[in-house]
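A short write-up of the structure that comes next.
The values are calculated or read from the model by the stated rules, or taken from the named source; none is laboratory data. Predicted model, so just to flag it, every value in this text is computed and none were measured. Here Cβ is always computed from backbone atoms with ideal geometry, including for glycine, and neighbour counts include all displayed protein chains. Note: accessible area is taken over every heavy atom of the protein model, side chains too, but ligands, DNA and RNA are not part of it. Shrake-Rupley method; radii C 1.70, N 1.55, O 1.52, S 1.80 Å.
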Amino acid sequence: GGSSGQAWSIGVTAGLYDAGLDVRQADLIIGTSAGATVAVQLSGADEPPSLLASILAAPGPVTAGGRVPNRPVIEQLERTGRIIAAAEDAPDMRRRMGAAALDLEAAADGSWAPRWRAIVAARLPSAHWPARPLLITAVNARTGEPVVFDRHSGVDLADAVAASTSSGLP
């Protein structure tokens with residue numbers, strides 16, 4: 001998932017496009033987590049090879065051994081690993097993940113969600129839902145129940161994608 005999942009998905013999509021298959025022509029695009037960002041990016045005007053080129057050209061901290069490990073991401077992976085290990089079943093895991101996200105937001109005095117939303121919004125080609133059928137899946141943080149957003153749900157696109165993705169930002 002995360003940035004690696006986005007890059008991989010767009011790379012595969014660009015390869016398919018180069019081979020003559022434009023997956024953007026599907027009747028419906030559904031995205032979850034990193035796939036939610038990809039789904040929106042693919043619903044934009046850019047062709048997959050252009051999306052891939054922009055990802056590959058993006059600056060980032062790099063060392064001779066590769067990208068520098070991102071401590072907040074590592075901490076988030078450790079947190080989620082503990083939650084998954086403690087969960088009794090999938091619904092329990094979703095409730096625990098939601099509670100952990102709400103705890104992070106409370107610990108950040110309400111600043112975490114707006115920062116994450118801004119990061120997500122900057123990755124999207126537009127602030128508006130595309131006209132083509134697009135579904136973004138998420139989980140209700142309070143109940144652990146699955147939720148599906150579309151352009152008729154009354155939820156801003158950036159909010160839907162931010163709800164589908166996660167971040168370890170404190």
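For ALA106, indicate whether it is exposed (fewer than 14 other Cβ atoms within 10 Å of the Cβ), over 24 Å from ASP46 (Cα atoms), without any contact (Cβ under 8 Å) to a residue 24 or more places away in the chain and more than 18 Å from the chain's Cα centre (by Cα). Judged against the criteria, ALA106 is a match.
Being surrounded by 12 or more Cβ atoms within 10 Å (Cβ to Cβ), of a type in the set (A, V, I, L, M, F, W, C) and in contact (Cβ under 8 Å) with a residue 12 or more places away in the chain: is that true of ALA87 here? It is false that ALA87 is surrounded by 12 or more Cβ atoms within 10 Å (Cβ to Cβ), of a type in the set (A, V, I, L, M, F, W, C) and in contact (Cβ under 8 Å) with a residue 12 or more places away in the chain. Checking each residue in region 145-160 for being touching a helix residue (DSSP H, G or I) at 6+ places or on another chain (Cβ under 6 Å) and of a type in the set (A, V, I, L, M) picks out only ALA158.
Here is a yes/no grid of residues against (1) among the small types (Gly, Ala, Ser); (2) modelled with pLDDT of 85 or more; (3) closer than 16 Å to SER33 by Cβ; (4) touching a Leu at 6+ places or on another chain (Cβ under 9 Å):
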{"position": "ALA100", "(1), (2), (3), (4)": "yes, yes, yes, no"}
{"position": "LEU104", "(1), (2), (3), (4)": "no, no, no, yes"}
{"position": "ALA122", "(1), (2), (3), (4)": "yes, yes, no, no"}
{"position": "LEU135", "(1), (2), (3), (4)": "no, yes, yes, yes"}
{"position": "VAL148", "(1), (2), (3), (4)": "no, yes, yes, yes"}
{"position": "SER153", "(1), (2), (3), (4)": "yes, yes, no, no"}
{"position": "ALA162", "(1), (2), (3), (4)": "yes, yes, yes, no"}
{"position": "LEU169", "(1), (2), (3), (4)": "no, no, yes, yes"}
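The single condition among (1) open to solvent by 70 Å² or more (accessible area, probe 1.4 Å); (2) in contact with a Leu (Cβ under 8 Å, 6 or more places away or on another chain); (3) not small (Gly, Ala, Ser) that ARG96 does not satisfy is (2).
On the stretch given as region 109-135, residues that are farther than 23 Å from GLU78 by Cα, open to solvent by less than 50 Å² (accessible area, probe 1.4 Å) and either charged (D, E, K, R) or part of a helix (DSSP H, G or I) (or both) total 1.
If you go through region 42-67 and pick out every residue that is open to solvent by less than 70 Å² (accessible area, probe 1.4 Å) and either of a type in the set (A, V, I, L, M) or modelled with pLDDT of 90 or more (or both), you end up with 6. Here region 18-38 is the region considered, the condition is being under 12 Å from LEU135 (Cβ atoms) and over 19 Å from the mean Cα position of the chain (by Cα), and the residue that is least open to solvent (accessible area, probe 1.4 Å) is ALA26.
Given the structure, is ALA138 part of a strand (DSSP E or B), in contact (Cβ under 8 Å) with a residue 12 or more places away in the chain and surrounded by 18 or more Cβ atoms within 10 Å (Cβ to Cβ)? Yes, satisfied.
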